[in-house]
Amino acid sequence: MQLDRLLAKPRLACICCPLFPLAARLRSEPELLHEALAIFEGNGHNARVIAATRAARQAGVRPGLSLPQARALVPKLVARARDEECEHTAQEALLEIVESFSPRVEVGSEGIAYLDIRGLGRRFRGPTPEVELGKTLIHALDREGLPTRVGIASNKLGALVAAGLYPTPTLVPIGDEEAFLSPLPLERLSPQLGIAATLKRWGIGSIGEFARIPAAEISSRLGDAGRDLHASARGLDLHPLVPRAAPAGFREGMNLEWPLVTLEPFLFLASTALERLCRRLDNRGLGCAKLELSLRLEPDGFHERSITLPSPTHDARTLLTLVRLDLEEHSPGAPVTGFTLVAIPDRPRSAQLSLLGPAALSPEKLATTLARLFALLGPGRVGSPRKAEGHRPERFTMTEFQPPPPPDIRSRPARARGLLAVRVLRPAIELEVETPKQDGTNNEPTSLRPLEPQKLGKRAGGAVRVAAGPWELEEGWWTEAPVRREYWDIEMRSGDLYRIYRDRSSHRWFIDGIYD
Amino acid sequence: MQRLDLRFIYAILVYSGASDCRHWVFGVMSPPALPHSLHRQLHTARDLLERRSTQEGEEALPVNLPALEKLFPHGLLRSELLELVGTCSSGRFSLVMSLLGAATSVGEAVTLVDLGDQFDPQSAASADVLLERLLWLRPTDLRAALAATETAITGGLSLVVLDLGTPPIPGGRGAQSSWQRLLQKARTHRVTLLVSSPYRVCGAAATIVVETVRQRAKWQGRNASNLLLRAVRSRMTLGKVRGAMSGANVELTLRYDQGAVQEDLAISDEAVSSSDTTTRAIDAA
């Protein structure tokens, strides 16, 4: 019987963040927590206080006061306009933390989420596991800077009402929803204005009185809206919980009180936003593969940048360095009035460690290192080299560094062939070369001098002791810029060994390699 | 109860090696009379340090050139800063390629910080460097190169090579404190740091210095059209080893790999000559 009741009745937790606009602002600016802070909505004389901190409330600041009235009460009142960006990111953070308990989460109104907790009670010990679950939820959200209240019931309305009661978490036993709601005033159901007026004329003041009226009578007189309201009063949910789809990216940002002109103050704000972003990614076991930065500019306009990382990371310092380098290179060109950071997540690399083989690289450590190197050296300067198709020796490609796992058993290296390596000069350095005959019949170099001696050192150049060649290289004859070269291996009197070539199109000489 | 004689204090150390388990006994003073079997196992602190370095050698990075094996019989020890110094065409870069190839062939991931941007993937692949295990960094100046090296060391890659290219080094020699800092980082993260430079830059921070000196190039053929560069011979000298004798030297022959000329590529043992005395000095190191 108990099992049947459990299967029939869902169990929902309503997570409610009271004074949500204030909580969202304090999450973005935690240093204002102990200040007399008021959040207002509207402009000029129409600006009204909608939430205030305890310090402000103790001084008499109440929601509904105009901003000048609030300032008259508290001269040092810190006033902040309601920030949709802050609230959006705070709502996302709330939902993500709740989703770490169960993926079945429905988005309620501002600062409210419903969580399906069926089966979660087994994870928590104690006489009332659901209360323990509620406490754990509150602690987890508190760590994120979101003070919340939790109510647990079998329907959304019951859970929402329970979340508003003291002490928190409040538990409504299974099947007691109707009795729990019965003494509450009818306003708790938030009826439509017309229905509320009708019910008032009927003399109905509490939810219990409304629930005792037969459903058919309500339906015939008040229509579908009245029927739904009546079902809610009886503790029934006509609309089941609809889990939200996972978002594509993680977003943080805020609107600024005054425009920022220089980079450092912006980076100070961005660093805290990135820390929050990385904490959220870390909670989900994800890394940032791509960071999208959107700056709102004064008077209007946007500056949008996208930073692709070589490997997913959740290291805030690395991301901040990347943002700094990118903005130093691509300045927005106007004062910044707000920003949004969106992290496109990806699964961090995983690796199987070997017991007897060489130590494998920690994927997380490697990802952070690669991101730092990327930030330090810039794009195109960090990667794994690959040979490129073609015959020109200076050609190469770079790919993402993803070393394969080491072998299971450590082995001895094969005996090397001891080959002479060549240093490739990129770009090739132009030379002035003397040949025995100037008519092109004998191009054997007899002496050379670099046109840019500072690139090869003071001792470069001089008489050639041995010259071997030429070896001809021809590539891309079908293109507009074909490559036709005559290569020579030469030994200078000083003993230096160079690889030089003559461009057959321009008849200019270049050195492109040093045997070393 | 017999009174304990405190004049002779012995410690019994159970040393668990990779292959076996030994009991080592060492004392503050020589005992007046110890059983011969026990006395044979008495070691000085110096012996213990040597044994320890031998044991650590099992974790060292391998070398795969006979000449290098003469210089480093236990491989390249971790937590060391090895400075490889050599002029142009002295075989310095070939040695770097050889060390990268040896490390990658046993499954280690390595980093090359290429200040001169002179790395040739084709040449490296010929030298048996597994390119997918190589992280190639291309800084533009010495300051960025030092910072990248430090970051790479903290990344957990076993061998980090900083190649400063050919002279002049862009950015000068770098501050001595920078090299000391890199050495400390290498020790902290147990990484072998190899600095390849045309002249000495690391100063006192280098724990081992190897100098390569160009000897001569070997050409085959008569005139320019059929002349081929076949090999370059150079001499490697151990310039400095912290805590051991230096001055050992070996000769190294590097073959020119030119596509069709593939015969006779393996190095014969005759190509490597070293005196017994120098070899013994290296073994002691």
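Rule-based calculations on the coordinates, nothing more; no lab input. As the structure is a computational prediction, the values presented were derived from the model and not from experiment. For neighbour counting, all protein chains shown are included, and Cβ atoms are generated from backbone atoms with ideal geometry for every residue, glycine included.
At-a-glance table
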quantity: For region A:153-269, convex hull of alpha carbons as volume per residue, Å³; calculated: 203 Å³
quantity: Base-10 log of normalised Debye intensity for region B:47-179 (one unit scatterer per alpha-carbon) at q = 0.16 Å⁻¹; calculated: -0.86
quantity: Residues B:LEU194, B:LEU182, sorted so that the one with the fewest Cβ neighbours within 10 Å comes first; calculated: B:LEU182, B:LEU194
quantity: Given charges at beta-carbon only (K, R positive; D, E negative), |dipole| of region A:297-383 in Debye; calculated: 500 debye
quantity: Which of A:THR198, A:THR397, B:THR149, B:THR207 has the fewest Cβ neighbours within 10 Å, and the rest in rising order; calculated: A:THR397, A:THR198, B:THR207, B:THR149
quantity: Contact order normalised by residue count of region B:98-153, Cα under 8 Å, 6+ apart, percent; calculated: 41 percent
quantity: Neighbourhood charge, 14 Å Cβ-Cβ cut-off, centred on A:THR318 and excluding it, Lys, Arg +1 and Asp, Glu -1; calculated: 0
quantity: Virtual spin-label span in nm between A:GLU217 and A:ARG410, 7 Å along Cα→Cβ; calculated: 8.7 nm
quantity: Charge dipole (chain A, unit charges on Cβ, about Cα centre) - positive-most of A:PRO191, A:LEU377, A:ILE174; calculated: A:ILE174
quantity: DSSP-assigned coil residues among trypsin sites (Lys or Arg not before Pro) in region A:45-89, each with at most 11 further Cβ atoms within 10 Å; calculated: A:LYS76
quantity: Calculated [θ] (222 nm, deg cm²/dmol) that DSSP helices of n ≥ 4 give over chain A, each run adding -39,500 (n - 2.57); calculated: -9500 deg cm²/dmol
quantity: Within straight-line cross-link reach of B:LYS218, lysines at Cα separation under 25 Å, skipping those fewer than 8 residues along the same chain; calculated: B:LYS70
quantity: Of the DSSP H helices in chain A, those whose Cα atoms cover at least 15 Å axially and whose Kyte score averages -0.5 or more; calculated: A:84-99, A:129-143, A:215-233, A:263-283, A:316-329, A:363-377
quantity: Sequence ranges A:133-140, A:26-33, ranked by mean other-Cβ count within 10 angstrom, highest first; calculated: A:133-140, A:26-33
quantity: Average projection area in nm² (convex hull over Cα atoms of region A:332-491, one quarter of hull surface); calculated: 18.6 nm²
quantity: Alpha carbon centroid spacing (whole Å) that separates region A:364-395 from region B:142-217; calculated: 20 Å
quantity: Computed E for A:LEU33/A:LEU184 - FRET, C-beta separation, R0 30 angstrom, nearest 0.05; calculated: 0.35
quantity: Qualifying lysines (Cα of each under 24 Å from Cα of A:LYS290; at least 8 residues distant if same chain); calculated: A:LYS365
quantity: Zero-based 10 Å bins, Cα pair distances in chain A, whole percents; calculated: 3, 13, 16, 17, 15, 11, 8, 7, 5, 3, 1, 0
quantity: Label-point separation in nm, A:SER102 to A:THR136, each point 7 Å along Cα→Cβ; calculated: 1.2 nm
quantity: Cβ neighbours within 10 Å from other chains - mean over A:389-397; calculated: 2
